[in-house]
Amino acid sequence: MRLTREQAAGRVMVALDYPNGKAAEQLIEELKGIPCYMKVGMQLFYAAGPSFVEKLKKNGYRVFLDLKMHDIPNTVKGGANSIAKLGVDMFNVHAAGGAAMMEAAMEGVDQAVTGVASQSRPTVIAVTQLTSTSRTVLNEQIGIDGTVEAAVLRYAKLAKQAGLDGVVAAPTEVSAIKNGCGDEFVTVTPGIRPAGAEINDQSRIMTPGDALKQGTDFMVIGRPITAAADPRASLETIIEELIASE
Ligand code: C5P
């Protein structure tokens with residue numbers, strides 16, 4: 001089924017990988033009026049803080065706070081509680097923290113939103129294996145045997161059992177995750193590169209149209225937009241590609 005322009009824009013999460021709020025605001029100004037999702041990662045959040053996220057929310061954006069929490073369950077529960085109170089639409093934790101840690105994150109969210117009408121429940125997703133992790137690193141450094149794909153699928157199933165809503169994964173892993181965890185299980189995929197764009201340090205890349213065909217729910221796109229000579233035109237081209245894909 002074809003996406004409307006609004007639906008297509010809502011599938012794109014623009015990675016605001018900037019050193020401070022001022023630099024990010026310049027890009028936001030250029031993209032003004034396009035109803036995309038905004039992703040705030042650790043570089044920007046550690047510099048600009050919760051007030052930057054609140055400003056994005058005030059301007060009507062949906063926000064994915066990509067802080068990849070990984071700590072003891074009690075600490076993650078507290079962190080998740082604070083993040084949920086900030087009003088973000090999505091945040092993440094590392095599946096490598098284990099089931100108890102992921103369940104604690106959900107408890108922290110529940111405590112923040114239960115009985116608070118103004119507080120909507122954020123989507124909570126797990127990082128499976130970072131897209132920068134090669135099989136050699138997985139086997140020899142992290143100490144997990146087998147393929148990256150098998151490790152990703154095992155973590156995705158663990159995240160689902162722990163009550164999370166979905167995972168971050170490479171676009172090449174989406175169909176296996178949907179088969180193993182169900183269509184409703186949300187997939188968020190970095191490593192998206194429009195045809196002809198710079199690959200940078202990503203591996204296992206896919207074009208926006210192909211990622212959509214794989215069943216990706218949201219695609220995180222940074223440098224193909226942020227480093228483009230005309231970021232607005234680049235985002236519009238991506239949205240057109242998504243609308244044109246079946
Ligand atoms: O510039 P680019 O499109 O490569 O940006 C990808 C974004 O997705 C970055 O913000 C990066 O931190 C994030 N990300 C990733 N791989 C993961 C998880 C997040 O590239 N596994």
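Based on alpha-carbon centroids, what's the gap between region 181-207 and region 105-140 in Å, whole number please?
What the calculation gives is 19 Å, centre to centre.
Apply the Karplus curve 6.51 cos²θ - 1.76 cosθ + 1.60, θ = phi - 60°, to the phi angles in region 53-69 and return the couplings in whole Hz, x for Gly and Pro.
Running phi through 6.51 cos²θ - 1.76 cosθ + 1.60 with θ = phi - 60° gives 5, 4, 5, 4, 5, 4, 7, x, 7, 7, 10, 9, 8, 9, 9, 6, 5 Hz.
Short version: ³J(HN,Hα) in whole Hz for each residue of region 124-140, in order, from phi by Karplus 6.51 cos²θ - 1.76 cosθ + 1.60 (θ = phi - 60°), x for Gly and Pro, what are they?
10, 10, 10, 7, 8, 10, 4, 5, 7, 7, 8, 4, 4, 5, 4, 6, 8
As a check on your grasp of the helix formula, calculate [θ] at 222 nm for the chain: sum -39500 (n - 2.57) over DSSP H runs of n ≥ 4, divide by the residue count, round to the nearest 500. Each step should come with its number before you reach the end.
Working: 10 runs with 109 residues, N = 246.
That calculation yields -13500 deg cm²/dmol at 222 nm.
So for the chain, averaging the separation of alpha carbon pairs under 8 Å that are six or more residues apart and normalising by length, what relative contact order in percent results?
Details: 465 pairs, mean separation 47.1, N = 246.
For the chain, the relative contact order is 19 percent.
Give me a comma-separated list of calculated 3J(HN,Hα) values for region 18-25, in order, Karplus coefficients 6.51, -1.76, 1.60 applied at θ = phi - 60°, integers in Hz, x for any Gly or Pro.
In residue order, the calculated couplings are 10, x, 7, x, 4, 5, 5, 5 Hz.
Considering the dipole of the chain built from charges on the beta carbon (Lys and Arg +1, Asp and Glu -1) around the Cα centre, which of 169, 75, 200 is farthest to its positive end?
75
Hey, can you grab everything whose amide H is under 5 Å from the amide H of residue 193? Only 5+ residues off in sequence or another chain; H modelled, so Pro and N-termini drop out.
Those qualifying (amide H under 5 Å, at least 5 residues apart or on another chain) are 206, 207.
Gap in Å between the Cα centre of region 23-47 and the Cα centre of region 52-96?
The distance from the Cα centre of region 52-96 to that of region 23-47 comes to 16 Å.
Anything over 26 Å Cα to Cα? Flag those among 77/160; 57/160; 22/68; 39/157; 55/85; 32/213, in the order listed.
Values: 77/160 17 Å; 57/160 28 Å; 22/68 24 Å; 39/157 24 Å; 55/85 14 Å; 32/213 28 Å.
In this structure, 57/160; 32/213 lie more than 26 Å apart at Cα.
No value in this document is a laboratory result; all are computed from the given coordinates. Here the structure is a predicted model, which means the values were calculated and not measured. Because the Cβ atoms are built from the backbone with ideal geometry, glycine has one as well, and the counts that use them run over all protein chains shown.
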